[in-house]
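Scroll down for the structure; my scribbles are underneath it.
Values quoted throughout were computed directly from the atomic coordinates according to the rules given, and no laboratory measurement underlies them. The structure presented is a predicted model; accordingly, all values stated were derived computationally and were not measured. Neighbour counts run over all protein chains shown; Cβ positions are idealised from the backbone, glycine included.
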Amino acid sequence: MVKHAGTHKKGTFTLTDLMAAVKANPNFSKVGAVALFVGVARGETKTKETVHKLELETYPEKADEALAKICNELSKKHGIVDVQIHHLIGEFNVGEELVYVAVAGSHRNNVFPVLQEAVERYKREAPIFKKEYITDKRGAAKSYWVSESESH
């Protein structure tokens, strides 16, 4: 059984798994809207350097705890039935999916603000670390760890 939040090794959790988990909620009959956010590996840094791949790591227990806390708190908002955040860990090529966030609620006007809050919060609160492998503007290959505050 899949929990409503957590980190997963790349390849072990998909968008199809997310939707199945949302629909498995015993209160799904109250849902009239599901909003989804799918984060993907971007091929360019804020300073226009080329990204070749990303590596994501975490402290699973702490990250899972932080993601679950966010989901539990946001699920209590008016009109919300379920909030799920599933972050993938491993090496990713440009364009590959990194994170899935779903918010299910009674109406569309309930789910969109909560979806945005869920995304902003997981980026701030979950200890997930990103290493970028890039080619800088001079053509040199480099890699470095990036904090979420630097990657917005």
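Can you spot the lysines whose alpha carbon is less than 24 Å from LYS76's alpha carbon? Ignore those fewer than 8 places along the same chain.
Within the straight-line cut-off, LYS76 pairs with LYS3, LYS23, LYS30, LYS62, LYS123.
Taking the Cα centre as origin and putting +1 on Lys and Arg beta-carbons and -1 on Asp and Glu beta-carbons, what dipole magnitude results for the chain, to the nearest 20 debye? Spell out each step's value before the answer.
Details: 22 positive and 20 negative charges, 53 e Å.
So the magnitude is around 260 debye.
Which ³J(HN,Hα) values, rounded to whole Hz and listed in residue order, are derived for segment 94-101 from phi using the Karplus coefficients 6.51, -1.76 and 1.60 in 6.51 cos²θ - 1.76 cosθ + 1.60 with θ = phi - 60°, glycine and proline given as x?
Per residue, the Karplus-derived 3J(HN,Hα) values read 4, x, 6, 6, 10, 8, 10, 10 Hz.
Below 19 Å, Cα to Cα, which lysines can LYS48 reach? Residues fewer than 8 away in the same chain don't count.
Once the sequence-local lysines are set aside, what remains near LYS48 is LYS130, LYS131, LYS137, LYS142.
Apply the Karplus curve 6.51 cos²θ - 1.76 cosθ + 1.60, θ = phi - 60°, to the phi angles in segment 70-78 and return the couplings in whole Hz, x for Gly and Pro.
Those phi angles translate into 4, 4, 4, 5, 6, 5, 7, 6, 4 Hz.
Considering the alpha-carbon set of segment 87-152 alone, what are its Rg and its Dmax in angstrom?
Calculated on Cα positions, Rg and Dmax stand at 15.5, 52 Å.
Could you check which residue among SER75, SER106, SER29 shows the biggest mean-square fluctuation in a GNM of the chain with a 10 Å Cα cutoff?
Judging by the Gaussian network model, the answer is SER29.
Cut-off under 12 Å on the C-alpha distance; same-chain residues fewer than 8 positions from LYS10 excluded. Which aspartates and glutamates are left, in chain and number order?
LYS10 reaches GLU55, GLU57, GLU91, GLU96, GLU97.
Need one number: convex hull volume per residue for segment 1-132, Cα atoms only, in Å³. Before the final figure, lay out each step's value.
Details: hull volume 13.6 nm³, N = 132.
Hull volume normalised by residue count: 103 Å³.
Per DSSP H run of n ≥ 4, the term is -39500 (n - 2.57); total these for the chain, divide by its residue number, and report the mean residue ellipticity at 222 nm rounded to 500 deg cm²/dmol.
Numbers: 4 runs with 46 residues, N = 152.
Calculated at 222 nm, the ellipticity per residue is -9500 deg cm²/dmol.
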